[in-house]
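Note sheet for the following structure.
The values are calculated or read from the model by the stated rules, or taken from the named source; none is laboratory data. In this text, all values refer to a predicted model and were calculated from it rather than measured experimentally. Here Cβ is always computed from backbone atoms with ideal geometry, including for glycine, and neighbour counts include all displayed protein chains. The area values use the complete protein model at the heavy-atom level, side chains included, leaving out ligands, DNA and RNA. Shrake-Rupley method; radii C 1.70, N 1.55, O 1.52, S 1.80 Å.
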Amino acid sequence: MTASETLVPGASPFCSMTPMTPMTPMTPVTESSGIIPILQNIVSTVNLACPLNLKSIALQARNAEYNPKRFAAVIMRIRDPRTTALIFSSGKMVCTGAKSEDQSRLAARKYARVVQKLGFPAKFLDFKIQNMVGSCDVCFPIRLEGLVLTHQQFSSYEPELFPGLIYRMVKPRIVLLIFVSGKVVLTGAKERGEIYEAFENIYPILKGFRK
């Protein structure tokens with residue numbers, strides 16, 4: 001993913017931004033970043049509301065694998081939308097890998113249809129998005145050491161264990177992984193608006209720690 005892909009149409013791809021003094025999380029956002037995080041993964045759950053014979057599903061379905069000694073679910077994959085499902089004997093299903101809410105729901109419906117065609121009375125109940133992951137690039141390097149010192153109550157940074165700073169935002173309740181390169185990963189959202197809001201909150205802070 002290039003920096004220019006994350007920019008709003010008309011915004012400069014060269015990221016010409018002036019350094020600012022460090023800001024606390026309580027500082028109101030006065031300017032838009034001009035950057036929109038791109039959704040990379042959506043995790044959703046659905047209840048098929050019937051007991052499932054996983055061995056039977058694995059034997060009959062294509063793109064399915066089942067190794068009960070390793071994991072108590074059938075792992076099934078489809079190409080459109082490119083996703084993976086974990087299907088449990090209880091009828092519960094987890095769908096991962098979609099890039100949008102609609103794709104996640106469509107994929108979950110396709111998996112449910114596969115299970116129905118194998119002879120199970122599967123329904124489609126309680127579809128819910130459990131987690132959304134987004135990412136973007138602020139186009140400048142960040143002084144993570146300074147950020148963790150100033151925002152100790154929100155941050156942890158141990159470069160020997162993990163190269164990114166982990167920033168736990170309170171509102172919205174989002175976890176951000178911030179890298180020295182300027183790459184940012186946001187996770188923990190139930191709605192895409194939370195990803196956008198969290199990034200707009202952190203952006204002026206990151207500008208304050210521009211290298």
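Here are the numbers for this structure:
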{"item": "Test: residue 91 is within 22 Å of the chain's Cα centre (by Cα) and of a type in the set (Gly, Ala, Ser)", "result": "no"}
{"item": "Per-region count, the stretch 165-211, residues under 13 Å from residue 33 (Cα atoms), aromatic (Phe, Trp, Tyr) and out of contact with any Ser or Thr (no Cβ under 6 Å at 6 or more places or on another chain)", "result": "2"}
{"item": "In the stretch 51-110, residue surrounded by the fewest Cβ atoms within 10 Å (Cβ to Cβ) [restricted to those that are within 15 Å of residue 131 (Cα to Cα) and of a type in the set (D, E, K, R)]", "result": "102"}
{"item": "Residue within the stretch 118-127 that is open to solvent by less than 50 Å² (accessible area, probe 1.4 Å) and either part of a helix (DSSP H, G or I) or among the small types (Gly, Ala, Ser) (or both) present", "result": "yes"}
{"item": "Residues being among the small types (Gly, Ala, Ser) and either touching a helix residue (DSSP H, G or I) at 6+ places or on another chain (Cβ under 7 Å) or exposed (fewer than 15 other Cβ atoms within 10 Å of the Cβ) (or both) - total across the stretch 139-185", "result": "4"}
